[in-house]
1. Quick check on Ala64: is it free of Cβ contacts under 8 Å to residues at least 60 places away in the same chain, more than 25 Å from Lys142 (Cα to Cα) and either open to solvent by less than 100 Å² (accessible area, probe 1.4 Å) or of a type outside the set (S, T, N, Q) (or both)?
2. Could you list, in sequence order, the residues of the range 78-115 that are small (Gly, Ala, Ser), free of Cβ contacts under 8 Å to residues at least 40 places away in the same chain and open to solvent by less than 60 Å² (accessible area, probe 1.4 Å)?
3. In this structure, does Ser116 turn out to be under 14 Å from Pro136 (Cα atoms) and out of contact with any strand residue (DSSP E or B) (no Cβ under 9 Å at 6 or more places or on another chain)?
4. Quick check on my filter: what residues within the range 116-129 are open to solvent by less than 30 Å² (accessible area, probe 1.4 Å) and free of Cβ contacts under 8 Å to residues at least 40 places away in the same chain?
5. Here are some conditions: (1) closer than 24 Å to Gln5 by Cα; (2) in contact with a Lys or Arg (Cβ under 9 Å, 6 or more places away or on another chain). Glu25 meets all but one. Which one does it not meet?
6. Could you tell me which numbered condition Ile132 fails, if it satisfies all but one of (1) open to solvent by 60 Å² or more (accessible area, probe 1.4 Å); (2) in a strand (DSSP E or B)?
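The values are calculated or read from the model by the stated rules, or taken from the named source; none is laboratory data. As the structure is a prediction and not an experimental result, all values here were calculated from the model. Please note: Cβ atoms are built from the backbone with ideal geometry, for glycine as well, and neighbour counts cover all protein chains shown. Heads up: the accessible areas ignore ligands, DNA and RNA and are worked out on the full protein's heavy atoms, side chains in. Shrake-Rupley method; radii C 1.70, N 1.55, O 1.52, S 1.80 Å.
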Amino acid sequence: MASLQDQFLKAGLIDKKKVNKAKQEKSIQQKQERQTGTQSVDEIRLAALETQRKNAERVRQLNAQRDAAAREKAILAQIAQMVQQSRQSKGAGDIAYHFTHANKIKRLYVSAQVQSELIAGNLVIVCLNDDIELIPRVIADKIAERDPTLVVRVQKSSTAVDADDPYADFKIPDDLMW
C-alpha cells in the first residue's frame with residue numbers, strides 16, 4: 001500500500017517540492033528534539049487518543065446497561081416459567097383472603113382448604129404482572145431469591161403472651177374471621 005504522500009502525488013494535490021520541504025521540516029524538528037532532550041507534543045494525536053478513550057468508556061457503559069437489561073429480562077422469564085409450571089388452583093371458594101402487596105390490601109377468594117394451606121405456609125401468593133397465583137413454598141423461595149418483591153409472605157402470628165398485657169386473660173376465639 002502506498003503512503004499518504006504517494007497517494008497525494010498521484011492525485012496531483014501536492015508536488016515533489018512540498019513533499020521534500022515537509023520531510024526536511026520533520027527531520028529538523030527531530031534533530032532539535034534529540035539535542036534538547038525534549039519531545040514535542042502532538043496536540044492532534046493527544047486529542048484523538050482522548051476522544052478514542054472517551055468513546056471506549058461510553059461504549060463500555062452502554063454494553064453494561066444492555067447486559068443488565070438482558071439479565072433482568074432473563075430473570076423475569078425464569079420467574080414467569082416457574083410460576084406457570086407450579087401454580088396451584090385457588091379453588092372455587094367464597095372465603096375472602098386478604099393480603100398486602102406493594103402497600104395495597106388485596107383480596108383473593110379461596111376455598112377453606114386453600115386458606116388453611118396459606119395460613120400454614122405451604123402455599124405462597126405471588127403477584128406477577130397483575131396476576132395473583134398460588135405456588136408451593138419451595139418454588140416461592142426460589143422466586144424470592146431472584147426478586148423478593150413478587151412474593152407475598154404470610155406473617156405468622158406469635159402465640160407468646162406479653163407479661164404486661166392487660167388482656168392476657170381474655171382468649172380470642174379461633175373461629176373469628178375478619
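1. Numbers: free of Cβ contacts under 8 Å to residues at least 60 places away in the same chain: yes; more than 25 Å from Lys142 (Cα to Cα): yes; either open to solvent by less than 100 Å² (accessible area, probe 1.4 Å) or of a type outside the set (S, T, N, Q) (or both): yes.
Yes.
2. Kept after step one, since they are small (Gly, Ala, Ser), are these residues of the range 78-115: 80, 86, 89, 91-93, 96, 102, 111-112.
Among the residues that remain, those that are also free of Cβ contacts under 8 Å to residues at least 40 places away in the same chain are: 91-93, 96, 111-112.
Correct list: Gly91, Gly93, Ala96, Ser111.
3. yes
4. The first filter runs over the range 116-129 and keeps only residues open to solvent by less than 30 Å² (accessible area, probe 1.4 Å), leaving 118, 121, 123-128.
Matches in the range 116-129: Leu118, Gly121, Leu123, Val124, Ile125, Cys127.
5. Here Glu25 clears every test but (2).
6. (1)
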